[in-house]
Amino acid sequence: MAVEVTLKNGEIVTVNDHVYCSPSWAARDGTPYSIARIMEFLPAEGVPKGTTGKGATFWSRVRLAWYYRPGDVSDRVVVDNRLLLAAIYSEICETSQLRAKCFVLHRDKISDLASWKKRPDRFYFNRLFDPYIRKEFEVILTSEVKNLPENVYEILAARYEYIVAEKEIVPDLTANIRLCETCQKWCAPQDTVKCDRCQNFFHMGCVQPPLSNKPSRGYGWTCAPCSRRHEEEVDSHEVVRHPTPTSGRPKAPSRARGPGRPRKDRKLAEQEETAPIRHFGLWPFRYFGIYTVPEDTLDPNDFIFPRIATRTGVKYQAVVPAAPDPTPIPADRITDEEERGGDSTLEVLSYVSEMSPGEVEIAKNELPVRAEQKYNVDFLTEATKLLSTAWNEGGDMSTIRMKQNRQEKWKKHETRWIDRDWNFEEKANFDDAIQQHGAELRLIREEIGTRSIYEVVRYYAHWKNSKLKEVNIQIRKERASGKTTKAPSPAATDDDYEGSIVKQPRSNVVCASCKTRESAQWWKAPKGLSSSILCDDCGISWRKYADFTKPVIREESVPASAKGKAPEKREGTPLNGPNAKRSRTTKSVTPPASTVPQEKCLACHNYGPLGKIVKCQECGFKTHAGTFGVIAESLDVDNWLCEICQNDKVQEASLNTSCLLCPKVRRDTKDGTYPPPDTFLRAQKPTEGQGWVHVICSVFIPELTFSDTTKLRLVEGISVINPHRWLTPCSLCSEKGGAVVRCCDCSKEFHVSCAWTASHRFGFEIQAVRQSKREQTTIANWNGDSGNMVPVISCREHPSRRVIHEMCETNDVGETALQVYCQRYKSPALSHTHALLRKARRLDQVLGSVADVLASSRTTPTANHTQCMRCKSNYSPMFYPSGVNQWMCHKCHYESKEPGKHMNGTSVADVGRATA
């Protein structure tokens, strides 16, 4: 009798049904549901399996065969959210974690894939991922396999529905059966060679002479009769044209729906869903690849898991010479050196086991150390080593002194046995990161910036133990006072879809994905979004398909480490391999609220402590210090002013703070402050000509550089910007003034500030560089990646296919991506050391381009016509045409309301813009 279990939503599931599985919302930390196949139902732990019970509630556990999403096992972006990866990996979970029923089929079993994906709760797979060896394999139907011995194929077809094999061996398995021309036995793909002329197959051991290896890629092989025949043709000078051998790989049948082919009806779809699938030993898969012995498949107890090459044979083994003759060693060759491997050459790490308990306690109490370190693992390791050395040498244990550094024999430098103390700022950053990222220690390490991942792990362990100690003390106090705290029951935790439904949302709710304000039901949103709530459509789509109904726009607070990457893997799922962590049964510890004030960066919209994020005390502008060129050592948090507010007091640059690279804008802000302090466009830097430009404009326009890349000050190179940037209209504001840049994914061109206002994606991409071009290319290192760091701006309509690092994303030393890019690519050339020399060369370049324009015009000023039509002056560094045979001097030209035009229609202002 088949076992049936009723889920909480009323659906009935049996063995081999596919289901959504997930623990409670708090345990899985907002990640989507996992998809699995029910292998068998099990009773409660400790109850014999053969015991019978009444009702479906007896089966409290279930064994599940997991499926993965492609984003769970790699960082590649997969657009199809219905695609899965099968796995020969199972795990036992509680039946209370089963959420709903779904359907998963192999790609070849679906006749109309487009219609299949339009239906809810439908998934498909065509590959298998092994979590042990971290490798993907192809999955094909057993009915498609033809190149197998008859007895082996009958066993495989009777037991298993699918065959798992490497991609390169699939064409050989699906081809017609191949027999050796010499022995007439089946030819296994891995030890078979094919003749390029007669197209026959041979075992490598059946040819004369036998072949030790297959021909290299690009080379062919011919059998002995064909080789002899070829030699006879050459000797007889007869030219025989042999047909070009065709590839033995069969072409896959086209699955595209023809113009006259009707779509799949509902009846056919139901037949595909309910079609029986063969299982043997609870599995429908069986590995039959390169490293499979065909006869082993006949054994029902043989392993079905994927395999890799074993490290056996001459290639991986040491060649040990034969043992020498046992002749006595001459007396003149006997030395006093100690024989290695004996007791005299071993270093004993501990003699504590040979000490008496009294000696251990006396020695331990005499060690001068703080009380909180007596139970530290590192302290006990070092103390054990020193006590063992003193006890073995018979010394006085009271003379032992614990030092924070030790010199180990196998290391060249001293090693600390205990980490240096954490200062107040590091502890505050740790508390803030715990509150924001939870137990994601690598993200916490990025927030701290001054500690390695090993130190963060050790500090997290001590912090967690201290919090659990406080919880246990509180529990003991409550028990002593007669008060008992009841733990929440599993049923209460799993009500309302594992506790992820918001029962009483606030009045001004908005969906974090589609921004709607109306929904029949509201769901909790994963971390990192602008809102903590999702509408019904977006919430269900995220939990089932790991995707939103609409893409998340720029203003949402997505963590920088999650941009362009796959969703975070949760603990307690099969995604971490066979040693997956179980859901915690102890009382959870809520991180305490941070006492450090949190500020929101206007560039990345993430929160951070004051100091890492600077705030102008005059206008309230806030941003990451590394994104604005603020040096942390000289930072005065309480008195910091932005560049514009500081210029209002000292007036080192122009009071007109309009960006020279952007079109003219209306200054109709609320308080009259321009640029407004509630946007990142407030971040502006002075130029060498006392003008102003936006930080993002100066960074993302390639012709510009900084005199000081540390502080991002004195922007240079505005006069040498390509004229095409000035003449091309912006695709967003349709204005011509200002310099434009191009989208990295399409041909649209726009102003940098317009792209920022339109919520386009800004960041930096690490592009690989060939080894031959590394000497001519500036290489940047960023979080383990090495290559050419390129600034990119992408329209928000494009799918997120690039791995783009945001401007505020930090590396191991706390530097932002914008800082690293500017230091590597925005510094002036070493040959142009002096700023005056650089300015003179740019001026020569501008004057040369203007002279070319004047030379290309039809009418040029001559010695007889070099007189200004307004002031009648004959002296000017440059004359501008103003009509037929009429000219204006440089001063009158810029004082006139309408600048003159050349005969070819090009104005001098467009070609050589005023230097900044």
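Numerical summary
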{"item": "Qualifying position, being hydroxyl-bearing (Ser, Thr, Tyr) and buried (at least 16 other Cβ atoms within 10 Å of the Cβ), among Thr174, Thr182", "result": "Thr174"}
{"item": "Residue in segment 145-161 that is closer than 30 Å to Lys267 by Cα and part of a strand (DSSP E or B) present", "result": "no"}
{"item": "Criterion (in the same structural domain as Cys102 (by TED's automatic domain parsing), surrounded by fewer than 20 Cβ atoms within 10 Å (Cβ to Cβ), closer than 30 Å to Cys226 by Cβ and over 40 Å from the mean Cα position of the chain (by Cα)) met by exactly one of Pro209, Pro149", "result": "Pro149"}
{"item": "Selection count where residues are over 23 Å from Lys622 (Cα atoms) and assigned to a strand (DSSP E or B), scope segment 804-825", "result": "0"}
{"item": "Odd one out for Tyr287, checked against (1) exposed (fewer than 11 other Cβ atoms within 10 Å of the Cβ); (2) hydroxyl-bearing (Ser, Thr, Tyr); (3) modelled with pLDDT of 80 or more", "result": "(1)"}
{"item": "Filter result for Ala188 (within 26 Å of Pro210 (Cα to Cα) and of a type in the set (Gly, Ala, Ser))", "result": "yes"}
{"item": "Residue among Val15, Val19 that alone is closer than 12 Å to Thr95 by Cα and modelled with pLDDT of 85 or more", "result": "Val19"}
{"item": "Residue match in segment 777-792 (condition: under 21 Å from the mean Cα position of the chain (by Cα) and within 18 Å of Phe680 (Cα to Cα))", "result": "yes"}
{"item": "Test for Ile766: is it farther than 25 Å from Ile631 by Cα and more than 33 Å from the chain's Cα centre (by Cα)", "result": "no"}
{"item": "In segment 733-748, the residues that are surrounded by 18 or more Cβ atoms within 10 Å (Cβ to Cβ) and either of a type in the set (S, T, N, Q) or free of Cβ contacts under 8 Å to residues at least 40 places away in the same chain (or both)", "result": "Val740"}
{"item": "Enumeration of residues in segment 189-235 that are of a type in the set (D, E, K, R), in a loop (DSSP other than H, G, I, E, B) and within 27 Å of Glu166 (Cα to Cα)", "result": "Asp196, Lys214, Arg217"}
{"item": "Qualifying residue in segment 578-590 (condition: modelled with pLDDT under 85 and either assigned to a helix (DSSP H, G or I) or more than 30 Å from Asn472 (Cβ to Cβ) (or both))", "result": "yes"}
{"item": "Pairs with Cβ under 6 Å, 6+ apart, first in segment 78-97 and basic (Lys, Arg), second modelled with pLDDT of 90 or more", "result": "Arg82/Phe123"}
{"item": "Any chance Asp80 is within 20 Å of Ala546 (Cα to Cα), surrounded by fewer than 16 Cβ atoms within 10 Å (Cβ to Cβ), out of contact with any Lys or Arg (no Cβ under 7 Å at 6 or more places or on another chain) and not assigned by TED's automatic domain parsing to the domain that holds Pro799", "result": "yes"}
{"item": "Whichever residue in segment 62-82 is among the charged types (D, E, K, R) and not in a helix (DSSP H, G or I) and, among such residues, is farthest from Glu136 (Cα to Cα)", "result": "Arg63"}
{"item": "Total residues in segment 270-324, condition among the aliphatic types (A, V, I, L, M) and touching a residue at least 24 places away in the same chain (Cβ under 8 Å)", "result": "7"}
{"item": "Residues of segment 292-302 that turn out to be surrounded by 12 or more Cβ atoms within 10 Å (Cβ to Cβ) and part of a loop (DSSP other than H, G, I, E, B), as a count", "result": "2"}
{"item": "Residue in segment 753-763 that is within 24 Å of the chain's Cα centre (by Cα), in the same structural domain as Pro675 (by TED's automatic domain parsing) and free of Cβ contacts under 8 Å to residues at least 40 places away in the same chain present", "result": "no"}
{"item": "Ser794 being modelled with pLDDT of 85 or more and in the same structural domain as Asp708 (by TED's automatic domain parsing)", "result": "yes"}
{"item": "Elements of type strands (runs of 3 or more DSSP E) contained in segment 731-803, each with 1 or more residues being closer than 19 Å to Gln819 by Cβ and in contact with an Asp or Glu (Cβ under 6 Å, 6 or more places away or on another chain)", "result": "761-767, 785-794"}
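Per-residue answers, yes or no, for (1) crowded, with 23+ Cβ neighbours inside 10 Å; (2) basic (Lys, Arg); (3) assigned by TED's automatic domain parsing to the domain that holds Asp648:
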{"position": "Gly689", "(1), (2), (3)": "no, no, yes"}
{"position": "His694", "(1), (2), (3)": "yes, no, yes"}
{"position": "Cys697", "(1), (2), (3)": "yes, no, yes"}
{"position": "Glu703", "(1), (2), (3)": "no, no, yes"}
{"position": "Arg713", "(1), (2), (3)": "no, yes, yes"}
{"position": "Gly717", "(1), (2), (3)": "no, no, yes"}
{"position": "Trp726", "(1), (2), (3)": "no, no, yes"}
{"position": "Ser731", "(1), (2), (3)": "no, no, yes"}
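The values are calculated or read from the model by the stated rules, or taken from the named source; none is laboratory data. No experiment lies behind these values; they were computed from the predicted model shown. Quick reminder, even Gly has a Cβ in these numbers, built from the backbone with ideal geometry, and neighbours come from all protein chains shown.
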